[in-house]
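See below for the structure under consideration.
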Amino acid sequence: MSKCLRVCSAYSYRLTRRHSTLVLFITFVVTLTVIFHLYSFKHHEPPRSFPQIGDFEYKPGAFLRGRQPDNNKSFCEYNYGLPHYIDWGTFPIFTSPESGITGPYRVIYNAIRGTEYSNDSKYDAVTYATQATPEFIYHVVEIAKYWDGPISLAVYVPSYDMDTAIQILKHLCSCYSAMTKVSLHLFYPKRYPPKIRKPEEVTVTTEVTAATPNVSANEILQNKVENYRNILKSNRRAEYVQWVRRKKIERLTARVHKKAETAPNLHFADCSGPNVSDIPTFRREHKMIYPINVGRNVARNASKTNYFIVSDIEMVPSFGLAPKFLRMVRKLMGDKKRDEGCIFAKTVFVVPLFEVERGEDIPHDKDA
C-alpha cells in the first residue's frame, strides 16, 4: 500500500511539474468560484414577487354604479335614423383616409354628433381622437369625465357589431350627460356593412304540429304511436333513422348560422356597464383583424379643431389637459398671433404616458 502511495505521489509531482501553469489556472478558477458562491449565499435574499403593472381590477364607468338610465332622455344627437335603424341612401359614405377608393374599408362620419363644443371655434378647443371595437366603447365615459373638449370616437362595426355598439351607446347616452362631447364615426369592411336588428325581427322559431280540427290531443298522440309501430314492423326503419339524422343536422346548422349573424342581447343592471365582461362580436367570430390605424385616421380626420390628441381608448387623460395645452400654445405663440388664428403647422407635441401598479388609484395630475 505504501509503495502504491509513493508511486502515485511521484507521478503526481512529475505531472504537476510538467503542467504547472494549467494546474495553477484550474486552482485559480476553482478558488474564485468557491468565493463567489460563498458571497452569494451570505447575501441571499428570499425571492420577491414584483408588482404587476396595470390596474387589472379597473372597470370603466365604475363611478356610474347605482345610477339608472333615463329611457325618456338621450344626451346624444343621432343621425341617419339611428339608434333604431340605418337610413341608407340619406348620407354620404366615404373611403378610409389612408387608402382611398381602392381600400377595403368604408366610413360613415357623424353617426352621433357631439353638441357641447359645436359652437366653439377650431382655435379654442382640442379634440381627443380615439378608436375602439364595440366591447371597449364603455371606456369613453372615463375620457369624457376628464377631457374638456370634443371627443372623436371611431368604432369598428362589421355586420352585427353595429347592433352591439348601438345597444351600448344607447344605454350610455341615457346615463351620462358628458356624452354630449362625443361624436361617433363608423368604419367597416365594405364586404360586411353594418346591420341593426329591428325589434320585430327578433323571432323565436319553433316546430309546430298542425292539428286536425275537432281532434283531441289523445287521438293525435295515439296516431303518432301507431305510426311508429308501423315503421318498426316494416323495412323503413333505416330510412327513418337517416331522415331523423338529416333533420337534426339541419336544425343544428340553422342554430349555428343564427348565432353567427345575430348580435347578443346585452343586459345592464345600472349605468356602470353590461353584466357580462366578454361580449361576443362578429369580428372575433370570423377571426377578422382589427385595423387600428384605420380607426385612428378616421377619428383624426373627423376632428374639426386645429389641434387634436391621438390616443387609445383605454388611456385616461389628466384632469385639465386640454385647457392647459391651449394655455401653453398661447404662451409659446403670443397673444397677438394666437388671436389672429395662427397655429403651429406640422408640429407634434409629445404627451408623456404613465402606468400605475395594480390596485393603485389612477392619478389625474402630478401632485397625486
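Values in this text are rule-based calculations from the coordinates and carry no lab data. Keep in mind that this is a model prediction, so the values were computed, not measured. Cβ placement follows ideal geometry from the backbone for every residue including glycine, while neighbour counts extend to all protein chains displayed.
Going highest first, how would you order 144-155, 75-86 by mean Cβ packing within 10 Å?
Working: 144-155: 24.2, 75-86: 17.1.
Order by mean packing, descending: 144-155, 75-86.
Within 10 Å, count the other beta carbons around each residue, average over each peptide in 328-340, 174-186, 264-276, and list them highest first.
On the way: 328-340: 12.1, 174-186: 22.8, 264-276: 15.0.
Packing proxy ranking, top to bottom: 174-186, 264-276, 328-340.
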Would you mind computing, in nm to one decimal, how far apart the modelled labels at residue 290 and residue 346 are, each placed 7 Å from Cα along Cα→Cβ? 3.4 nm
Can you tell me the length gained on complete extension of the stretch residue 337 to residue 118, counting 0.36 nm per residue apart and subtracting the Cα distance? 76.5 nm
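Given the pairs 73/181; 122/170; 304/337; 195/304; 59/122, which are separated by over 22 angstrom at their Cα positions?
Beyond 22 Å: 122/170; 195/304; 59/122.
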Residues with amide H under 5 Å from that of residue 128, placed H, sequence gap 5 or more: 151, 152, 309
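Applying 1/(1 + (r/R0)^6) with R0 = 51 Å to the Cβ-Cβ distance of residue 354 and residue 247, what FRET efficiency is obtained, to the nearest 0.05?
Details: r = 60 Å, r/R0 = 1.18.
Taking R0 as 51 Å, the efficiency between residue 354 and residue 247 is 0.25.
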So what are the ³J(HN,Hα) numbers for region 311-316, from phi and the Karplus equation (6.51, -1.76, 1.60; θ = phi - 60°), rounded to whole Hz, Gly and Pro as x? 8, 6, 6, 7, 7, 10
Place a point 7 Å from the Cα of residue 314 along the Cα-to-Cβ direction; which residues of region 130-146 have their backbone N under 11 Å from it? 136
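What shape does region 54-96 have by the C-alpha gyration tensor, where a ≥ b ≥ c are the square roots of the eigenvalues, rounded means a/c under 1.5, and otherwise prolate means a/b greater than b/c and oblate the rest? List each step's numbers first, then the result.
Numbers: a/c = 4.58, a/b = 1.67, b/c = 2.73.
Verdict is oblate for region 54-96.
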Sorted from largest down, what three extents in whole angstroms do the Cα atoms of region 314-368 have along their principal axes? 47, 22, 15
